[in-house]
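The values are calculated or read from the model by the stated rules, or taken from the named source; none is laboratory data. Computed from a predicted structure; not experimentally measured. Because the Cβ atoms are built from the backbone with ideal geometry, glycine has one as well, and the counts that use them run over all protein chains shown.
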């Protein structure tokens, strides 16, 4: 009986020590996955504008931590992506596009370079997209 109590005590101590580390790992994975999804979406916006030969508008909302791609001519929403709330697997604490609205033209050029800052707790990433569509992810 004493042996079981000792084992349970040791397992409890190990679980207490591993909990914060696992939480940190999960935050890092969520942020890195979100960065990869945003990068792919930005690349897709440039591709869609070229393929449809129509400008695409990227509109970001910092409060809801979401963005959408809109066909600038028709106003149709092509994609909406949300990174906050119970329905999101990423649960970002910060998602900020600078500038908040960017137009991508069929020629492969955007109206401005875009910087996206995203974070989950104390871990953050930054995505930069040039006006020519070159995209880079950094810490």
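For this structure, a couple of remarks:
- Condition check for residue 124: within 20 Å of residue 71 (Cα to Cα) and either at pLDDT below 95 or surrounded by 15 or more Cβ atoms within 10 Å (Cβ to Cβ) (or both): no
- Wholly within the stretch 38-139, strands (runs of 3 or more DSSP E) carrying at least 1 residues that are without any contact (Cβ under 8 Å) to a residue 24 or more places away in the chain and within 26 Å of residue 28 (Cα to Cα): 66-71, 77-82, 94-98, 114-120, 123-129, 135-138
- Residue 106 being at pLDDT 90 or above, touching a helix residue (DSSP H, G or I) at 6+ places or on another chain (Cβ under 9 Å), at negative phi and surrounded by fewer than 17 Cβ atoms within 10 Å (Cβ to Cβ): yes
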